[in-house]
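Undergrad: One structure follows; several queries about it will come next.
The values are calculated or read from the model by the stated rules, or taken from the named source; none is laboratory data. Keep in mind that what you see is a predicted model, and the values were worked out from it rather than measured. Reconstructed Cβ throughout: ideal geometry from the backbone, glycine too, with neighbour counts over all protein chains shown. For accessibility, only protein heavy atoms count, side chains too; no ligands or nucleic acids. Shrake-Rupley method; radii C 1.70, N 1.55, O 1.52, S 1.80 Å.
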Amino acid sequence: RVHLFESKDTNRVIATIEVPGLRKDEVQLVARDNQLFISGERRPLAYSDDLGRTLVNELKFGRFERAIPLPPGTEPSSISASMDDGMLTVSWP
């Protein structure tokens, strides 16, 4: 899920994206064709069948990708990103 916010003070768009359970090196950001592509992969938990059996699993796994439009002419070097506690924050002018 994503939240987009346009800051009046900094004249930047700030995108906050939920990426629970992923490390910074497991998320890819690519700016191409006036779009920001955010992708990664959630892997299933590695429980052994020898230890027991799954009773309920509501966790989603697999590859994901999200495209967010960028203003025309946005320089990739002007895009900044940080990640903390499963929340990715990306901003651009």
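Undergrad: Hey, Asp25 hits all of (1) part of a strand (DSSP E or B); (2) under 12 Å from the mean Cα position of the chain (by Cα); (3) among the charged types (D, E, K, R) but one; which does it fall short on?
TA: (1)
Undergrad: Got at least one residue in the stretch 43-53 being among the basic types (Lys, Arg), surrounded by fewer than 13 Cβ atoms within 10 Å (Cβ to Cβ) and not in a strand (DSSP E or B)? Lay out the reasoning, then the answer.
TA: Keep residues of the stretch 43-53 that are among the basic types (Lys, Arg), which gives 43, 53.
Filter once more, keeping what is surrounded by fewer than 13 Cβ atoms within 10 Å (Cβ to Cβ): 43, 53.
Checking which are not in a strand (DSSP E or B) leaves us with 43, 53.
Yes, that holds for at least one residue.
Undergrad: Next up: Can you name the residue in the stretch 79-93 that is within 26 Å of Ala46 (Cβ to Cβ) and without any contact (Cβ under 8 Å) to a residue 60 or more places away in the chain and, of all such residues, is least open to solvent (accessible area, probe 1.4 Å)? Write out each step before concluding.
TA: Taking the stretch 79-93 first, the residues within 26 Å of Ala46 (Cβ to Cβ) are 83-88.
Applying the additional criterion that residues be without any contact (Cβ under 8 Å) to a residue 60 or more places away in the chain yields 84-85.
Numbers: Asp84: 103, Asp85: 142 Å².
Residue satisfying both the conditions and the ranking: Asp84.
Undergrad: Out of the residues in the stretch 54-71 that are part of a loop (DSSP other than H, G, I, E, B) and under 24 Å from Arg1 (Cα atoms), which is least open to solvent (accessible area, probe 1.4 Å)?
TA: In the first step, residues of the stretch 54-71 are kept if they are part of a loop (DSSP other than H, G, I, E, B); the result is 54-61, 70-71.
From what is left, the residues that are under 24 Å from Arg1 (Cα atoms) are 56-61, 70-71.
Numbers: Val56: 111, Asn57: 93, Glu58: 162, Leu59: 103, Lys60: 168, Phe61: 79, Leu70: 17, Pro71: 53 Å².
Selected residue: Leu70.
Undergrad: Cβ contacts < 8 Å: first residue touching a residue at least 12 places away in the same chain (Cβ under 8 Å) and under 24 Å from Pro44 (Cα atoms), restricted to the stretch 55-75; second residue surrounded by fewer than 11 Cβ atoms within 10 Å (Cβ to Cβ) and among the aliphatic types (A, V, I, L, M), any location; separation 6+ or different chain. Result?
TA: These pairs meet every condition: Leu59/Leu45.
Undergrad: More than 29 Å from Ser77 (Cβ to Cβ) and modelled with pLDDT under 95 - does that describe any residue in the stretch 11-18?
TA: In the first step, residues of the stretch 11-18 are kept if they are more than 29 Å from Ser77 (Cβ to Cβ); the result is none.
No, the stretch 11-18 contains no residue that is more than 29 Å from Ser77 (Cβ to Cβ) and modelled with pLDDT under 95.
Undergrad: For a quick check of your reading of the model, give me the residue pairs whose first member lies in the stretch 5-31 and is among the acidic types (Asp, Glu), whose second is assigned to a strand (DSSP E or B), with beta-carbon atoms closer than 6 Å and at least 6 apart or on different chains.
TA: The qualifying pairs are Glu6/Val13; Glu26/Gly40.
Undergrad: Which numbered condition in (1) among the aliphatic types (A, V, I, L, M); (2) within 15 Å of Trp92 (Cβ to Cβ); (3) in contact with a Lys or Arg (Cβ under 9 Å, 6 or more places away or on another chain) is the only one that Val19 fails?
TA: That leaves (2) as the condition not met.
Undergrad: Since Pro76 meets every condition but one in (1) of a type outside the set (Val, Ile, Thr); (2) at pLDDT 95 or above; (3) open to solvent by 60 Å² or more (accessible area, probe 1.4 Å), which condition does it not meet?
TA: (2)
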